[in-house]
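For reference, the structure is listed below as structure tokens.
The values are calculated or read from the model by the stated rules, or taken from the named source; none is laboratory data. The structure displayed is predicted, hence computed values, not measured ones. Don't worry about glycine lacking a Cβ; one is built from the backbone with ideal geometry, like all the others, and counts go over all protein chains shown. Note: accessible area is taken over every heavy atom of the protein model, side chains too, but ligands, DNA and RNA are not part of it. Shrake-Rupley method; radii C 1.70, N 1.55, O 1.52, S 1.80 Å.
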Amino acid sequence: MTVSIRGLTKRYGPTLALDDVDLDIAAGEVHALLGHNGAGKSTVIKCLGGGTAPSAGSITIGGTTYDALDPRSSIAAGIAVIYQHLSLIDRLDVTENLFLGQETTTAGVFLRRADQRSRAVRLLERVGLDVSPDTPVRQLTIGQRQLVEIAKALSRDARLLVLDEPSAALSPVESRRLADLVRLLKAEGIAVLYVTHLLNEVVELADRTTVMRDGRVVWSQPMAGVSKTDLVTAVSGRAHGAAVAPRPVDPDTPPALAVDHLEAPGLHDVSLVVRPGEIVGLYGLVGSGRSRLLETLFGRRPVTSGTVAVDGRTVRVRRPDDALRAGLALVPGDRLRQGLFGSLSSGENTVLRVMSLTARAGWRRPRAEQEVFRNTAAAFGLRPADPEVPVSRLSGGNQQKVLIARWVNDRAGTRVLLLDDPTQGVDVGARAEIYEVLRQVAAERGLAVLFASNDPDEVVALAQRCLVMRRGRVVDDLDMRHTGEEQLLDLIHTELEPS
Amino acid sequence: MTTASPPTVDGADRRPPSTGRAAAAPSPVAAAAGWLVKNPLLVLLVVMVAGVQLATGSQLGWGNLRGVFLDAAVIAIVAAPVAMLVIAGYIDLSVGSTLALGGVVAGKVVQSGASPLVAVGCALLAGAAVGVVNAVLATVFGLSSFIVTLGMLTAVRGVAQLVSPLPLSNFGEAFGFLGIGNVAGIPLPALLAVAVLLAAGVFLTRTPAGRHVYAIGVNREAAYLSGVDVRRIPFLLFVTSGAAAGLAGAITVARLNSAPAGQLGAGFELSVITAVLLGGIALTGGEGSMVDVLVGVLFMGLLRNGLTLLGVTTFWQNVASGLALVAAIAIAAGTHVVRGKMQAREAHRPDEAAATG
């Protein structure tokens, strides 16, 4: 059985998430899917799992062609998607989870528990998971849960197994066990689509690799004779020649942000400085602590010890409000959940905080607010520049501009701008615009910019310096004038090798 | 509504907040159509009043309407702060019993010989005290406001009965003025209701804290991360809604000239919530205005009154009021879809403003 994806296209409003994607996965083949965040990998997965319907194109599985799948027809077609965020139900035990929605029954009503349990034992054996089928799922580790999900897929006779960054949350031992299982399933004739960031896994496991960039397939080859360097080149694409070498900042300038021996849950002995006008990248994989560090500086998470100083003054930040008063602002990683007020207008989203700062004696001053909106909309090239449009109708890039404008304007008094994954879900053109906005706020307003990213391309394009994070520590401080994307990728992937 | 308007739009035609509205419509006809789509209930209200007027001759007259407004006033006074809580993503179901508590407290104080103003002040305080309890549980401890205020609905009823086990009555004319008196020919409760609605409307649109009410309702997490005080604002709203219910209690008692702690304000909380929802304020939070509350309250009052005038019995009136609520919400959901499509068109419109920057 072969899975063929032809001309798959997905539009989200004005954004093209997938652009005419072709992909073939043969039975008994491990097909790796590589690409940066926002390259379109997860949209492919969603189309396969039935989470979203493609705008155009088709998916053919075992001779049947589908224009769109929903979760039910996807399962029926033999596709099993193991998402990064696992979808087991904590309160049920392993057996119940395995057969959820496909319970074995007598007369269609009564559960045949003994029957299910013995089937569960066989399934667990097949995936090499040594736990009792009566164990509540909440007592399992992430790695064990993943195996339960795979067992569930097998119980449904899945012919295509889609693994979405399966090793991201696993220990080295668990990763190795997973790799063994993938090889075993491959030998049984199951097709595996393996989505990952980690090149070592690709080299080790994949028979064939497809690389996506900006919603398109840019490279697809059998792995025979392909080296890691080839993959790096394919992923990065070297398409960022336009990146302007940022003006270096005098290292003697007193820092706008100075963090000294910061200790917090998940962070260890973090010290760093960011100078006014400087753009610094925080680079690391998921779980390295880059987002956590930003959220801790912003008062979203507690600090255990250590000091944070803004413009030389030590600040004590317990809540986001304290951080904002100190001139420390965060553009959060999850724009929709943490940043935007969906049904409110873009004008209101922009001036939400400024409103309090411009108010006199408790009364809003609409004219001052309008001026702030007009100025920032013009400076950042916001489109449409109409304050009345609900912010939910803006494209991802323009939403991001609104969030930056909330903190960076004539009134807000922000000194340090923290950004978590600043171009998440933003298409290429808009990405360049966001970079331009950030360069502009650093250069013209003398802001210190600290952004977290797991996209080396982004770090190269934007940062003057790069702090590499691993397991809650800053392990490297790189001058980006002398560092390329290959080095970053290499650095992070080699360091992740299980020892 | 929003803060900044494009230079081409005249600020004069502003309406208190609906949620973000697309840019000014090109023609007055389209603008009017758009406005009606946003306010289907208002259309219905006008049709209904006209219908009743035609069907019954001129029975709608002032004397009859005065009664409608007196009822509506008491509901509006409480519906205004409750609507603000709903916009912020909370709810207050305890207002019926708080009304009873405020009523008996006012009654007791008046009977002790104090001036009616002192009595009203005590009713406000008693209501505010209930509000503080709600607020502490729902905002400081973060319990579900539905559960907290449902519990308080029962508990406060008990407190009211403890305060006054026997029904009070005969409070004297001075206090009675609060319930039925006229100022410049307008019933005092109606004036108070207008004042409360106006104050709430101005607060919601013209102060940062008012806009924060919406922000909290739309996305609490984002509001917190934007430095909004996501506890203090709902806290104060709970206290306000308690105080308003206390005031409504004093008015009701003054009007009835009796204060039966067991029956006073029974089911009142449902009338308030119904009016709020009828007006089109979504229980999911983040949307609504005081205009919506006014329309909701009037619609409910006039519907009942119209049915009475048409000779419909109370039982059938109940059936009609209940169905009206469901219908209104269905209409609101329907127009929401239409509005969404209209906005989608607006947002994809090629942009003129960008060219001029």
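Would you work out if region B:34-131 is rounded, prolate or oblate? Take a ≥ b ≥ c from the square roots of the eigenvalues of the alpha-carbon gyration tensor; rounded if a/c is under 1.5, else prolate when a/b is larger than b/c, oblate otherwise.
oblate
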So what does the Cα-only Debye profile of region B:127-284 read at q = 0.08, 0.13, 0.17 Å⁻¹, as log10 I(q)/I(0), no solvent term?
-0.29, -0.74, -1.17
Using a 1.4 Å probe on heavy atoms of the protein chains only, the accessible area for A:Glu436 in Å², nearest 10, reads 100
Rounded to the nearest 10 Å², what accessible area does A:His268 have for a 1.4 Å probe in the complete protein model?
70
Enumerate the amide H contacts of A:Ile190 below 5 Å, restricted to partners 5 or more residues apart or on another chain; note that Pro and chain-start residues carry no placed amide H.
A:Gly28
Principal axis extents for region A:9-67, Cα atoms only, whole Å, descending order, please.
37, 25, 18
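Can you check what the net charge comes to around A:Ala329, using other residues whose Cβ is under 10 Å from the Cβ of A:Ala329 (Lys, Arg +1; Asp, Glu -1)? Intermediate results must be reported in sequence, preceding the final value.
On the way: positive: A:Arg353, A:Arg406, A:Arg415; negative: none.
It works out to a net charge of +3.
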Proximal lysine pairs in chain A, meaning Cα under 29 Å and 8 or more positions apart or interchain, come to 14
Roughly how many nanometres apart are two label points built 7 Å out from the Cα toward the Cβ at B:Ala114 and B:Val47?
5.0
5 Å is the cut-off here: which amide hydrogens, built 1.01 Å from N in the peptide plane, fall below it relative to B:Asn39, excluding neighbours closer than 5 in sequence?
none
Averaging sequence separations of C-alpha pairs under 8 Å and six or more residues apart, then dividing by the length of region B:136-226, give the relative contact order as a whole percent.
9
Net charge within 14 Å of A:Ile89 by Cβ-Cβ distance, Lys/Arg positive one each and Asp/Glu negative one each, not counting A:Ile89 itself?
-1
Whole percent per 10 Å bin, from 0 to the bin with the longest distance: what is P(r) over all C-alpha pairs of region B:181-266?
15, 34, 27, 18, 6, 0
Once phi for every residue in region A:363-377 is put through the Karplus expression 6.51 cos²θ - 1.76 cosθ + 1.60 (θ = phi - 60°), the whole-Hz ³J(HN,Hα) values, with Gly and Pro written as x, are 9, 5, 10, x, 5, 5, 5, 4, 4, 4, 4, 4, 5, 6, 4
Please report, in whole Å, how far the alpha carbons of region B:62-198 spread along each principal axis, starting with the longest.
45, 33, 22
If R0 is 22 Å, what FRET efficiency do you get for A:His261 and A:Arg319 from their C-beta distance, rounded to 0.05?
0.50
Determine the shielding of peptide A:389-402 by partner chains: average, over its residues, the number of Cβ atoms on other chains within 10 angstrom of each Cβ.
3
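Please compute the alpha carbon radius of gyration of the protein assembly as shown, then divide it by the globular-protein estimate 2.2 N^0.38 Å. Two decimals is fine.
1.10
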Eigenvalues of the Cα gyration tensor times 5, then square-rooted: what semi-axes does that give for region B:80-143, in whole angstrom, largest first?
27, 11, 9
Theoretical ellipticity at 222 nm over chain A - DSSP helices of four or more residues, -39500 (n - 2.57) apiece, nearest 500
-10000 deg cm²/dmol
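Could you please put A:Glu165, A:Glu204 in sequence from largest to smallest accessible area, using a 1.4 Å probe?
A:Glu204, A:Glu165
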Distant-in-sequence amide H partners of A:Tyr83 (H built 1.01 Å from N, under 5 Å):
none
Among the trypsin sites (Lys or Arg not before Pro) within region A:1-97, which fall in a DSSP loop and have no more than 10 other Cβ atoms within 10 Å of their own Cβ?
A:Arg91
Quick note, region A:248-322: a/c under 1.5 would make it rounded; otherwise a/b > b/c is prolate and the rest oblate (a ≥ b ≥ c, C-alpha gyration tensor); here it is oblate
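Compute the Cα gyration tensor for region B:259-337, then decide on rounded, prolate or oblate, letting a ≥ b ≥ c be the square roots of its eigenvalues: rounded whenever a/c is under 1.5, prolate when a/b is larger than b/c in the other cases, and oblate in all that remain.
It is oblate, given that a/c is not under 1.5 and a/b is not larger than b/c.
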Quantify, in whole percent, the carbon and sulfur part of the accessible surface of the protein assembly as shown (1.4 Å probe; protein heavy atoms only).
58
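Please list the three semi-axes, largest first and in whole Å, of the ellipsoid equivalent to chain A, using sqrt of 5 times the eigenvalues of its alpha carbon gyration tensor.
Equivalent ellipsoid semi-axes, largest first: 43, 25, 24 Å.
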Phi-derived 3J(HN,Hα) across region A:434-443 with the Karplus relation (6.51, -1.76, 1.60, θ = phi - 60°), rounded Hz, x for Gly and Pro, is 4, 4, 4, 4, 5, 4, 5, 5, 6, 6
Heavy-atom accessible area order for A:Leu267, B:Leu162, largest first, 1.4 Å probe:
B:Leu162, A:Leu267
If we count every other residue with Cβ under 14 angstrom of B:Val82's Cβ, Lys/Arg +1 and Asp/Glu -1, where does the sum land?
-3
